[in-house]
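A.B. asks: Take a look at the following structure, please.
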Amino acid sequence: MMVNALCRRLGSLEAQDRVFKESSKPTTANRGKAAPPEPWAGIYSLGQRKKASLLLDAFAFCSGLKAYRSGGKEALVPFVKGAKKRILGFSLGLLASPPPAGRLEVAFSAGGFLGAGEAADRCEAQMLKTGVEMALRNSPMHVVLRAMSAYLGFSVQEQVDAWLKSQASPRRLSESDLLIPGDLPDLLAARTGDPGILFRAYRLAGPSLAAAALAGCPRETVRAMESACLNELGSLYLEEEIEASLSRLSSDELVDAQEAFRALIQSLQEESPAMAAEIQENVWENGMDKSLSEDVSLLVIELEDKLLRSVLAQADPKLIASLLQTMSPMAHDRLFSLMPPSKAKKVLQALEDSDPLGPVELVRKAQLFAQKILGELAPKGKSMGKGGAKGTGKALPLQARVRELLSAILSRD
């Protein structure tokens, strides 16, 4: 969600950079060879080589930030001197010698880094300026990197995940580390069959309080929370927070954190029927067909805007609402961005009025959606000439990836 929100937010900036490069359009010389523009390419629409280069800059900046926070100015010096680009060395130097409050843009402008003509240079300047700004606000390193990489679009996020995992501390928690007894482990063990309530408790408490509370729990309790709430990278960060809590907080403070977290879970158990229904929906979602969700989400993302807009305009709001139950947040955003407000309102109302569907019903709804897409792609007759004679229309082109996804959905039992 965080990546999705950041990339969407940056997509509203610098509208002039949202057009694709002329070189990405097929010409007479390279017709049939040019690759189609990458979907979700970021606001600057850079090529893969440019993106890879700028992503390395983001990694280098965050490596310097990590060294500076752990070792001070002396640890930062090698990164500043070793920077291959002047703007990267300048940005790293600002970590140790920041400009006055509100003068960061002035500093970049005075250095001659803003207002460049090339899209890659503009992207690099804005990306590093954002990184410096967030670093000076003491944002966690992984949050800084997420914000910087959002300028490059969704396609680099797997590389970002891999780099963050390589930088995270290896798991070192052992039973001897977890010293504080309490009632929380028994309470969490009783809720392992209801991951929705554990997820809500973790989100409401925040990582710092949750880590302090879990510091007094057995290791299997920590693993149960990670399984309910976090991915692999999030689990690594939680365990780092637990280690920090054990070294930073007193025994009394850890007990207080346990009590606060236990009270939060108990309050969620006593929620209104409407909230309980939402928790039940989370439980259902945990057991949903992941492969179907991936196929439908990728299909929505890969379809061309014109085709998807046409399908949505003719689709029943109830059908769209049912599809939302098996889509990623990114696919949700794309659907709503292509629907007029009046249609979006009807879809949201239908979603509110509907109950969660089972796996079989979701497959049928996904197949109906795929059939509607094929119906839009089918050749259509049209009038020709003054006599109004019927001619055969041409089928719309279909990308190979879209064809694979449609086949995968329609072939399900």
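The values are calculated or read from the model by the stated rules, or taken from the named source; none is laboratory data. Nothing here was measured: the structure is a model prediction, and the numbers come from that model. Every residue, glycine as well, gets a Cβ built from its backbone with ideal geometry; the counts of neighbours run over all protein chains shown. The area values use the complete protein model at the heavy-atom level, side chains included, leaving out ligands, DNA and RNA. Shrake-Rupley method; radii C 1.70, N 1.55, O 1.52, S 1.80 Å.
A.B. asks: Only one residue in Gln167, Gln126, Gln159 is open to solvent by 20 Å² or more (accessible area, probe 1.4 Å), out of contact with any strand residue (DSSP E or B) (no Cβ under 6 Å at 6 or more places or on another chain) and more than 24 Å from Gly234 (Cβ to Cβ), so which one is that?
C.D. replies: Details: Gln167 fails: more than 24 Å from Gly234 (Cβ to Cβ); Gln159 fails: more than 24 Å from Gly234 (Cβ to Cβ).
After applying the criteria, what remains is Gln126.
A.B. asks: For Glu105, are the conditions met, namely being within 20 Å of Val144 (Cβ to Cβ) and under 29 Å from the mean Cα position of the chain (by Cα)? Spell out how you get there, then give the answer.
C.D. replies: Details: within 20 Å of Val144 (Cβ to Cβ): yes; under 29 Å from the mean Cα position of the chain (by Cα): yes.
Here the answer is yes, as Glu105 does meet what is asked.
A.B. asks: If you check Glu278 against the conditions, is it over 28 Å from Gln159 (Cβ atoms), assigned to a loop (DSSP other than H, G, I, E, B) and at pLDDT below 80?
C.D. replies: Details: over 28 Å from Gln159 (Cβ atoms): yes; assigned to a loop (DSSP other than H, G, I, E, B): no; at pLDDT below 80: yes.
Against the criterion (over 28 Å from Gln159 (Cβ atoms), assigned to a loop (DSSP other than H, G, I, E, B) and at pLDDT below 80), Glu278 does not qualify.
A.B. asks: Given the residues Met327, Met384, Met339, which is the only one that is over 24 Å from Asp289 (Cα atoms) and at pLDDT 80 or above? Break it down into steps so the answer makes sense when it comes.
C.D. replies: On the way: Met327 fails: over 24 Å from Asp289 (Cα atoms); Met384 fails: at pLDDT 80 or above.
Checking each option against the conditions leaves just Met339.
A.B. asks: Output the residues belonging to the range 286-323 that are open to solvent by 60 Å² or more (accessible area, probe 1.4 Å), under 30 Å from Thr192 (Cα atoms) and of a type in the set (S, T, N, Q).
C.D. replies: Hit for the range 286-323 is Asn286, nothing else.
A.B. asks: I would also like to ask the following. Would you call Ser235 in a helix (DSSP H, G or I), modelled with pLDDT of 80 or more and either out of contact with any Leu (no Cβ under 8 Å at 6 or more places or on another chain) or closer than 30 Å to Leu368 by Cα (or both)?
C.D. replies: Numbers: in a helix (DSSP H, G or I): yes; modelled with pLDDT of 80 or more: yes; either out of contact with any Leu (no Cβ under 8 Å at 6 or more places or on another chain) or closer than 30 Å to Leu368 by Cα (or both): yes.
Answer is yes for this residue.
A.B. asks: Any idea which of Lys66, Lys73, Lys85 is touching a residue at least 60 places away in the same chain (Cβ under 8 Å) and more than 22 Å from the chain's Cα centre (by Cα)? So that I can check it myself, show each step before the final result.
C.D. replies: On the way: Lys73 fails: touching a residue at least 60 places away in the same chain (Cβ under 8 Å); Lys85 fails: touching a residue at least 60 places away in the same chain (Cβ under 8 Å).
The unique qualifying residue is Lys66.
A.B. asks: Further question on the same structure: What are the pairs, 6+ residues apart or on separate chains, where a residue within the range 131-159 that is on the phi > 0 side of the Ramachandran plot has its Cβ under 7 Å from a residue that is not hydroxyl-bearing (Ser, Thr, Tyr)?
C.D. replies: If the second residue must be not hydroxyl-bearing (Ser, Thr, Tyr), the pairs left are Gly153/Cys7; Gly153/Trp40; Gly153/Ala41; Gly153/Gly42.
A.B. asks: Among the residues of the range 325-371 satisfying the criterion of being part of a helix (DSSP H, G or I) and among the β-branched types (Val, Ile, Thr), which is surrounded by the fewest Cβ atoms within 10 Å (Cβ to Cβ)?
C.D. replies: Here the residue is Val360.
A.B. asks: Being out of contact with any Asp or Glu (no Cβ under 8 Å at 6 or more places or on another chain), under 13 Å from Leu54 (Cβ atoms) and modelled with pLDDT of 90 or more: is that true of Ala125 here?
C.D. replies: yes
A.B. asks: Out of everything in the range 108-123 that is assigned to a helix (DSSP H, G or I) and more than 19 Å from Trp163 (Cβ to Cβ), what residue ends up being most open to solvent (accessible area, probe 1.4 Å)?
C.D. replies: At the first step, the residues of the range 108-123 found to be assigned to a helix (DSSP H, G or I) are 108-110, 119-123.
With more than 19 Å from Trp163 (Cβ to Cβ) added as a condition, the list becomes 108-110, 119-122.
On the way: Phe108: 0, Ser109: 68, Ala110: 88, Ala119: 22, Ala120: 16, Asp121: 69, Arg122: 56 Å².
Out of the qualifying residues, it is Ala110.
A.B. asks: While we're looking at this one, here's another question. Give just the number: which of (1) part of a helix (DSSP H, G or I); (2) touching a Ser or Thr at 6+ places or on another chain (Cβ under 9 Å); (3) at pLDDT below 85 does Ser297 not satisfy?
C.D. replies: Only one criterion is unmet by Ser297, namely (3).
A.B. asks: How about the range 132-156: which of its residues are more than 18 Å from the chain's Cα centre (by Cα) and either buried (at least 19 other Cβ atoms within 10 Å of the Cβ) or at pLDDT 90 or above (or both)?
C.D. replies: Val132, Glu133, Met134, Ala135, Leu136
A.B. asks: If you don't mind, another one. Looking at the range 238-257, which of the residues that are more than 27 Å from the chain's Cα centre (by Cα) and without any contact (Cβ under 8 Å) to a residue 40 or more places away in the chain is least open to solvent (accessible area, probe 1.4 Å)? Lay out the reasoning, then the answer.
C.D. replies: At the first step, the residues of the range 238-257 found to be more than 27 Å from the chain's Cα centre (by Cα) are 245-257.
Now drop any that are not without any contact (Cβ under 8 Å) to a residue 40 or more places away in the chain, which leaves 245, 247-250, 252, 256.
Numbers: Ser245: 0, Ser247: 102, Arg248: 138, Leu249: 47, Ser250: 54, Asp252: 115, Asp256: 100 Å².
The qualifying residue least open to solvent (accessible area, probe 1.4 Å) is Ser245.
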